[in-house]
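Read-outs: derived from the displayed coordinates by stated rules, not from any lab. Keep in mind that this is a model prediction, so the values were computed, not measured. Cβ: placed from backbone, ideal geometry, glycine included. Neighbour counts: every protein chain shown.
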Ligand SMILES: NC(=O)c1ccc[n+]([C@@H]2O[C@H](COP(=O)([O-])OP(=O)(O)OC[C@H]3O[C@@H](n4cnc5c(N)ncnc54)[C@H](O)[C@@H]3O)[C@@H](O)[C@H]2O)c1
């Protein structure tokens, strides 16, 4: 336990599961009074962390305003906010409905907007906001158009909020993870291919854990990052930094490149290649 956030009230949305739950645990270990907010029940987790559980639907502005009122009334102010609740949608643009797109924007983009708007009102003189965007908001990923657009909106809102709230002492940053081992990834139809691609394309040769992502959120929420605002940090094992040797191997032949990373599994390249062939075949059927 450290006292990085000693006594600070920090709201985490999407705290019932995955990255949000890991962040709530890490914040509590670092001394914060955590407000765990989710549309799902997280009362047991909140109790185990001596925190507070609040039911919220982040796509509903009145619900978010009520969450912030409740959190703000604990000590009279909110010191930190992690806008992390999110949903995903695996569908090509060709098959996307208006409802698909609206749901992604309502939860991921508007949920972040409402969180910033109503959370910042309870920050007195200083505060930090960390938004969970995605690498999908930075680069195109086939089959994730609506999700990616909503996460690009999160990155853009982060930049604008940094400009508007900086003069009030509030810093706003976001993280852009690639694949993270959470229930969201487990539920995806292409989870095996996504894991294999993550191991291949990142020089660290890995799929991120929720605890690893939570550690970056804590850095951005803490004074350790006090010189930073308006930034989008990729949390992707270095996958966006360049072409890994293993990915090059998958492209030009595994025997042609030397890859010393012991964490990759033999056959990752063929899993990704097969997923690509399946996807191409599906598009032409
Ligand atoms: N897992 C990944 O690979 C990955 C990669 C990049 C970004 N992300 C982002 O990380 C964030 C956390 O995702 P996760 O992987 O931990 O998934 P998860 O499904 O484990 O957790 C998401 C949480 O958000 C909550 N939630 C969903 N809609 C809500 C709403 N309208 N109101 C309140 N709560 C709501 C869910 O109940 C759930 O507890 C999301 O924003 C997601 O888009 C995840």
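Brief remarks follow.
- Entirely in region 106-219, the helices (runs of 4 or more DSSP H) that have 3 or more residues that are within 12 Å of the ligand (Cβ to nearest atom) and crowded, with 20+ Cβ neighbours inside 10 Å: 111-120, 145-165, 191-201
- Top-ranked residue of region 2-49 - restricted to ones that are on the phi > 0 side of the Ramachandran plot and surrounded by fewer than 24 Cβ atoms within 10 Å (Cβ to Cβ), ranked as nearest to the ligand (Cβ to nearest atom): 18
- Flag if residue 54 is within 17 Å of residue 132 (Cα to Cα), within 13 Å of the ligand (Cβ to nearest atom) and within 22 Å of the chain's Cα centre (by Cα): no
- Residues of region 223-255 classified as buried (at least 19 other Cβ atoms within 10 Å of the Cβ) and part of a loop (DSSP other than H, G, I, E, B), total: 4
- Flag for residue 91 being closer than 18 Å to residue 129 by Cα and in contact (Cβ under 8 Å) with a residue 24 or more places away in the chain: no
- When residue 252 is tested against (1) away from the ligand (no atom under 12 Å from the Cβ); (2) within 22 Å of residue 161 (Cα to Cα), only condition (2) is not met.
- Within region 70-86, the set of residues being surrounded by fewer than 16 Cβ atoms within 10 Å (Cβ to Cβ) and either within 13 Å of residue 114 (Cβ to Cβ) or within 10 Å of the ligand (Cβ to nearest atom) (or both) is empty.
- Taking region 188-199 as the range and being farther than 14 Å from residue 135 by Cα and in contact (Cβ under 8 Å) with a residue 12 or more places away in the chain as the test, the residues that pass are 188, 189, 190, 192, 193, 195, 196, 199.
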